[in-house]
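A short write-up of the structure that comes next.
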Amino acid sequence: MQAKLLRREVLPFMLAFAALAVLALLLDALLHVFNVVWIGRYLGIPGTLLILLSFVYSLRKRRLVGFSQPAVLLRWHQRMAWFGSLLVLVHAGIHFNAILGWLAVWAMLVDVGSGLTGKYLLDRSRRRLEQARQRMRQQGLSADELEERLYVDSLTFDVMKQWRSVHLPVTLVFAVLALAHIIAIFLFWGWK
């Protein structure tokens, strides 16, 4: 049972994070092999744009935009943020020449890890709540009994949704560092 749980719940989380690192290293290595490292310098722009576009989900959740379904936008948020982070990681490469840029990269990695953790925790609690609901329905419980017994499980699900109170400040730190990096580039880049 424990091995099945690990395969179904923990492994996808770990693979998503590992794939981000491995693909970034592979793409950076390919840029070096083909002597086109300069391309990586510009991948930060589409990566940042993808990350910014992923925030349409947050705008929808706060009812600042009214199109699409939140569940669809959440999937797009996850995919665009992951792919944008990949491009930013390739942009950063394995070059250690700008402390502000690297602080932004580390904040981004913590943010991605936080997002993947939240996805894992919410999916897991949602699945467990639904499994408990199904078991109790099979036992023939009335709607009132069902809600009473599921009260604690639903509180757990609500607490898991509060994970956002961690993810949002981490995202804010990343955004401030990334913005500072971008401003520094515009200020100090040799614009000849």
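Of all residues in region 89-127, which are farther than 22 Å from residue 78 by Cα and at pLDDT below 80?
Within region 89-127, 94, 95, 96, 97, 98 meet the criteria.
Considering region 85-100 alone, what residues qualify as being surrounded by fewer than 17 Cβ atoms within 10 Å (Cβ to Cβ) and assigned to a helix (DSSP H, G or I)?
Correct list: 99, 100.
Quick one: which of 103, 59, 49 is in the same structural domain as residue 183 (by TED's automatic domain parsing) and either surrounded by 16 or more Cβ atoms within 10 Å (Cβ to Cβ) or outside any loop (DSSP other than H, G, I, E, B) (or both)?
103
Is there any pair linking a residue in region 127-151 that is farther than 23 Å from residue 10 by Cβ to one that is of a type outside the set (A, V, I, L, M) and at pLDDT below 80, with Cβ under 8 Å and at least six apart or on different chains, and which?
Close Cβ pairs (under 8 Å, with a partner that is of a type outside the set (A, V, I, L, M) and at pLDDT below 80) amount to 136/145; 136/149; 141/149; 146/133; 146/137; 150/133.
Have a look at 76, 102 and point out the one that is in contact (Cβ under 8 Å) with a residue 12 or more places away in the chain and either of a type in the set (D, E, K, R) or under 23 Å from residue 17 (Cβ atoms) (or both).
76
For residues in region 15-44 being without any contact (Cβ under 8 Å) to a residue 24 or more places away in the chain and of a type in the set (Phe, Trp, Tyr), which is farthest from residue 87 (Cα to Cα)?
Per the criteria, the residue is 34.
The values are calculated or read from the model by the stated rules, or taken from the named source; none is laboratory data. These numbers were taken from a predicted model, which means no experiment stands behind them. As a convention, Cβ positions derive from the backbone with ideal geometry for all residues, glycine included, and neighbour counts pool all protein chains shown.
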